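Structure first, then comments.
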Amino acid sequence: MQQSEQPSFEELMTAATRSAVHLEMRDAYGVSDEAEDFQHWKRTGERDTDPASVYWGPWVSLVQEAVGRGVEVRRLRIVSEPVSDYIKYEHAGTVVNIKAGENVRWLPRRQASGLALPGNDFWLFDGATVLFNHFTGDGDVSPDGREVRTDQGVADLATRAFDAAWALATAHDHYTI
């Protein structure tokens, strides 16, 4: 698929009928839309956890709408330990993901050594459409930021990888940093 032909993330989430799973494998992201909030958290230890805030509101609405129509939304973060400041920041905000309806788990990287994992973070919708997220070395979205794949072999690889990692992971409420 060419970049211009690719559906947006919102379109993919809205089209999902059964599941939307997200695998995150980086220890730090440098995504510009959260830079200010991350710096504030580093200075103060305070994180925006208001589901209705400008930062969280659109995400919470999108997830709640999906969950409301029966879509299971799961997020899995594979992390190095001890965790980075960025992962501490993510952990502090995960309460909002859960309030929105996501099921979130954490997997220490050392426990993932025996798993075959794709080279990039991804979203997998209904076990059929994979949205790979591409990042620069600094963790910002790369110029070609996303890649949608609908070939079943890639979707099956993503499904097996996610399911294997999910089975080893710890629920958010039981994962301490």
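Computed from the coordinates by the stated procedures, all read-outs in this text should not be read as laboratory data. All values derive from a computational prediction rather than experimental measurement. Heads up, the Cβs are rebuilt from the backbone with ideal geometry, glycines too, and the neighbour counts pull from every protein chain shown.
The eigenvalues of the Cα gyration tensor, multiplied by 5 and square-rooted, give the chain an equivalent ellipsoid with semi-axes of 24, 19, 17 Å from largest to smallest. Averaging Cα coordinates gives a centre for segment 14-53 and one for segment 74-92; these two points are 11 Å apart. Charge dipole (Cα centre; +1 on Lys/Arg Cβ, -1 on Asp/Glu Cβ; no other charges) of segment 128-170 amounts to roughly 140 debye. Just how many % of Cα pairs in segment 1-68 lie over 19 Å apart, if you round to the nearest whole percent? Pairs farther apart than 19 Å: 53 percent. Charge dipole (Cα centre; +1 on Lys/Arg Cβ, -1 on Asp/Glu Cβ; no other charges) of the chain amounts to roughly 620 debye. Backbone phi angles across segment 57-72, fed through the Karplus curve with coefficients 6.51, -1.76 and 1.60 (θ = phi - 60°), yield HN-Hα couplings of x, x, 5, 4, 4, 4, 5, 4, 5, 5, 4, x, 9, x, 7, 7 Hz in residue order; Gly and Pro are listed as x. Note on the chain: antiparallel DSSP beta bridges, both residues inside, total approximately 55 percent of the bridges counted. Among Val73, Phe132, Leu115, whose Cα sits farthest toward the positive end of the charge dipole of segment 38-141 (+1 at Cβ of Lys/Arg, -1 at Cβ of Asp/Glu, about the Cα centre)? With unit charges placed on the Cβ atoms, the residue in question is Leu115. Taking amide H positions as modeled 1.01 Å from N, with prolines and chain starts lacking one, the residues under 5 Å from Glu72 and 5 or more places away or on another chain are Ser19, Ala20.
Between the residues Thr94, Gln39, Leu62, the greatest Cα displacement towards the positive end of the dipole of the chain, with unit charges on the Cβ of Lys, Arg, Asp and Glu, is found for Thr94.
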